[in-house]
Amino acid sequence: MFEYVGIVGFGVMGTQIAQFLAQNGIKVVAIDLNEEKLKIGMETIRNGRFGIQKLVEKGKISKEQAEEIISRIKTSSSYEDLKGVELVIEAVFEDLELKRKVLAKVSEVVGEVVIGSNTSSISITKLGSAVKDPEKFLGIHFFNPAQIQRLVEIVKGLITSEETVLKVKNWLLKLGKVPIVVKDSPGFTTTRLGLILGKEAMLMLQEGIASPQEIDIAMMLGYGFAMGPIEIGDLVGLDTRLRIFEAMYEMTKDPKWAPPKLLVQLVDAGYLGDPTIKPGSKGGVYEFYGQERATKVLKRLGLR
Ligand SMILES: NC(=O)c1ccc[n+]([C@@H]2O[C@H](COP(=O)([O-])OP(=O)(O)OC[C@H]3O[C@@H](n4cnc5c(N)ncnc54)[C@H](O)[C@@H]3O)[C@@H](O)[C@H]2O)c1
């Protein structure tokens, strides 16, 4: 269906989505601001925590297959190189104005091909008004790590056509994903629920009620979560989490989406999330509190 895909924004999600597609035989051209960012992105795909080298080490693919996967991913700092793609997935910072600017530029280059945004929260209808054909614009919300997580939340904007939704849904099904289709609303379904849990967890830390490990183990063993809300925040990236809070607050003006003070301070201090996922981060909440991640604790106890 879509055999040649453009990815705009080659950070945590852009690299994961590019790798996932390349592993499934799809050619990718990835765009970011400069060569340095693109180099870091390719290094993540090669040697990162969820990268190709790990698959080779686990015996899941051969060295030759690994090189073949890598060779499907081209990178560029020029939007012009998006020419000829059949689908674009935008994954730049969670910022309405930036995304609108990027999408307008993308749409100028690719014409009327389907364009999806990986936004976690921002109105698809509003973003869609920046592209030439909003009927061919939708939310394609992958989850971290996109190579492994099966869920993709498809978001239908007010103007998105049924045909666009179906095309993307069928393509994702063919790739082994489990898509859900939801209506456009701040935070859709996943972020609206996940973020409020993340906020309460952060407030509990702020108030000194429990440690990161205790909060996460509570949700893992008490509620059957695979990962607790603090560890999820570290995985997502604390800077990205903060941008999502700000976007939610901007859209709704509801104080429940005001970011917790502790989160703002951690980002200001350079704690941008789990350093094995976020290049250049001093650490996440767990590193700041000097604790072992709850998933590791439970694994050690044979409970995972
Ligand atoms: N991190 C997660 O777990 C997660 C999960 C689902 C969705 N998302 C969403 O995905 C999007 C990207 O998040 P991320 O975590 O990958 O962020 P990130 O900060 O890791 O990466 C964003 C990338 O966009 C690039 N960029 C910024 N401006 C650009 C421009 N004008 N042109 C091209 N590239 C540009 C940056 O250089 C950076 O590499 C956001 O909308 C976020 O809400 C994130």
Checklist entry - Within the stretch 54-63, is there a residue that is surrounded by fewer than 21 Cβ atoms within 10 Å (Cβ to Cβ), within 13 Å of the ligand (Cβ to nearest atom) and among the acidic types (Asp, Glu)? => result no
Next on the checklist: Restricting to the stretch 273-291, and then to whatever is surrounded by fewer than 22 Cβ atoms within 10 Å (Cβ to Cβ) and hydroxyl-bearing (Ser, Thr, Tyr), can you tell me which residue is farthest from the ligand (Cβ to nearest atom)?
Outcome noted: Tyr289
Checklist entry - If a residue has to be surrounded by fewer than 19 Cβ atoms within 10 Å (Cβ to Cβ) and among the hydrophobic types (A, V, I, L, M, F, W, C) to count, how many in the stretch 247-266 make the cut? => result 4
Checklist entry - Is it fair to say Ser123 is touching a Pro at 6+ places or on another chain (Cβ under 8 Å), buried (at least 18 other Cβ atoms within 10 Å of the Cβ) and within 22 Å of Lys169 (Cβ to Cβ)? => result yes
Checklist entry - From the set of residues in the stretch 38-53 that are exposed (fewer than 15 other Cβ atoms within 10 Å of the Cβ) and among the polar types (S, T, N, Q), which is farthest from the ligand (Cβ to nearest atom)? => result Gln53
Item to check | Neighbours by Cβ (under 6 Å, 6+ apart or cross-chain): first from the stretch 125-137, among the hydrophobic types (A, V, I, L, M, F, W, C); second assigned to a loop (DSSP other than H, G, I, E, B) and buried (at least 21 other Cβ atoms within 10 Å of the Cβ) | outcome: Phe137/Val131
Item to check | Qualifying residue in the stretch 79-96 (condition: in a helix (DSSP H, G or I), away from the ligand (no atom under 14 Å from the Cβ) and closer than 28 Å to Asn47 by Cβ) | outcome: no
Item to check | Ala66 vs. criteria more than 20 Å from Gly187 (Cβ to Cβ), assigned to a helix (DSSP H, G or I) and within 13 Å of the ligand (Cβ to nearest atom) | outcome: no
Next on the checklist: Condition first: assigned by TED's automatic domain parsing to the domain that holds Val113, of a type in the set (Ser, Thr, Tyr) and within 27 Å of Val155 (Cα to Cα). Can you find one or more residues in the stretch 41-51 that meet it?
Outcome noted: no
Checklist entry - Can you find even one residue in the stretch 221-233 that is within 13 Å of the ligand (Cβ to nearest atom), at negative phi, touching a Phe, Trp or Tyr at 6+ places or on another chain (Cβ under 8 Å) and β-branched (Val, Ile, Thr)? => result no
Next on the checklist: Can you list residue pairs whose Cβ atoms sit under 6 Å apart, with the first residue in the stretch 279-304 being closer than 28 Å to Val267 by Cα and the second being assigned to a loop (DSSP other than H, G, I, E, B) and modelled with pLDDT under 95? Count only pairs 6 or more apart in sequence or on different chains.
Outcome noted: Leu298/Arg304
Item to check | Residue satisfying all of: in the stretch 86-119; among the small types (Gly, Ala, Ser) and more than 19 Å from Val152 (Cβ to Cβ); surrounded by the fewest Cβ atoms within 10 Å (Cβ to Cβ) among these | outcome: Gly111
Item to check | Residue selected from the stretch 126-145 under the condition farther than 14 Å from Gly187 by Cβ and of a type in the set (Lys, Arg), by the criterion surrounded by the fewest Cβ atoms within 10 Å (Cβ to Cβ) | outcome: Lys132
Item to check | helices (runs of 4 or more DSSP H) (entirely within the stretch 187-271) containing at least 3 residues that are more than 14 Å from Tyr289 (Cα to Cα) and without any contact (Cβ under 8 Å) to a residue 12 or more places away in the chain | outcome: 212-223
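The values are calculated or read from the model by the stated rules, or taken from the named source; none is laboratory data. These numbers come from a predicted model, not from an experiment. Note that each Cβ is placed from the backbone with ideal geometry, even for glycine, and that neighbours are counted across all protein chains shown.
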